[in-house]
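**Student:** Dropping a structure here in structure tokens format, bear with me for questions.
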Amino acid sequence: MIFETHAHYDDEKFDEDRVELLSHLLKENNIGNIVNIGASFRGCKDSLALANQYDNVYAALGIHPEEMDDFSEKNLNWIKENAANPKVVAIGEIGLDYYWIKDEEGRAKQREWFKRQLQLAKEVDLPVVIHSRDAAEDTLNTIVEYNKQNNKKGIIHCYSYSKEIALEYTKMGWYIGVGGVVTFKNSKN
Ligand SMILES: [Zn+2]
């Protein structure tokens, strides 16, 4: 049985055949469960709706670092309230993305909301799904601090850093996600 741990079936690309696709995946392709991951705030709402609609679909709720316009108290409160839903299994995807956000002000804002969402994960006692790109050091430092005061772990989704850093995470009991980028020509490491 396959457990699909990171999906975005709320994406508009699936608007035309979402129902058909999901019922086929679950019934005929040996996919037992799916976690649909919130990225934007709209994505969080849609992920939860999918989780409520399908028995084998679960949701992760969080604001992705590129979705900076969605960083707000109101949205954070909504996530906190809805994290109590038994179909919500993680907080994510949250993290840092310095590839798309180059200015220091934007990066500082990402770090602030990354920490706030980690804190939220601790409060609601859920594991986390981390998105991190071109921000190896700041992500690792943040997670090391977080890990000291929290038992629940997480996954570094679509991991793209060095073997040495991967070992730092696995030593703490965290997981490394091997995503599609390993098939890119320049991803020799
Ligand atoms: Zn994702």
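**Student:** What whole-number volume per residue, in cubic angstrom, does the convex hull of the C-alpha atoms of the chain give?
**Tutor:** Looking at the chain, the number lands at 132 Å³ per residue.
**Student:** Right, here's the next one. Hey, what's the per residue convex hull volume over the C-alpha atoms of region 65-114, in cubic angstrom? Spell out each step's value before the answer.
**Tutor:** Details: hull volume 3.6 nm³, N = 50.
Cα convex hull per residue, to the nearest whole number: 73 Å³.
**Student:** Highest mean first, what order results for 6-15, 50-59, 180-189, 99-108 on Cβ atoms within 10 Å?
**Tutor:** 50-59, 6-15, 99-108, 180-189
**Student:** Can you divide the C-alpha Rg of region 99-158 by 2.2 N^0.38 Å and report the result to two decimal places?
**Tutor:** In units of the 2.2 N^0.38 Å rule of thumb, it is 1.11.
**Student:** If you average 1/r over every pair of different alpha-carbon atoms in region 4-101 and take one over that average, what Kirkwood value in Å do you get? Please list the in-between numbers first.
**Tutor:** Details: mean 1/r = 0.0727 Å⁻¹.
It works out to 13.8 Å.
**Student:** Per the Kirkwood treatment, what hydrodynamic radius in Å, one decimal, follows for region 56-146 from the mean inverse distance over all distinct Cα pairs?
**Tutor:** Taking the inverse mean of 1/r over all distinct Cα pairs, region 56-146 comes out at 13.2 Å.
**Student:** Dipole size in debye (nearest 20) for region 2-183 around its Cα centre, Lys and Arg Cβ +1, Asp and Glu Cβ -1?
**Tutor:** 720 debye
Each reported figure results from applying straightforward, stated rules to the coordinates on display, with no laboratory input. Fair warning: this is a prediction, and the values are worked out from it, not measured in the lab. Virtual Cβ from ideal backbone geometry, glycine too; neighbours counted across all protein chains shown.
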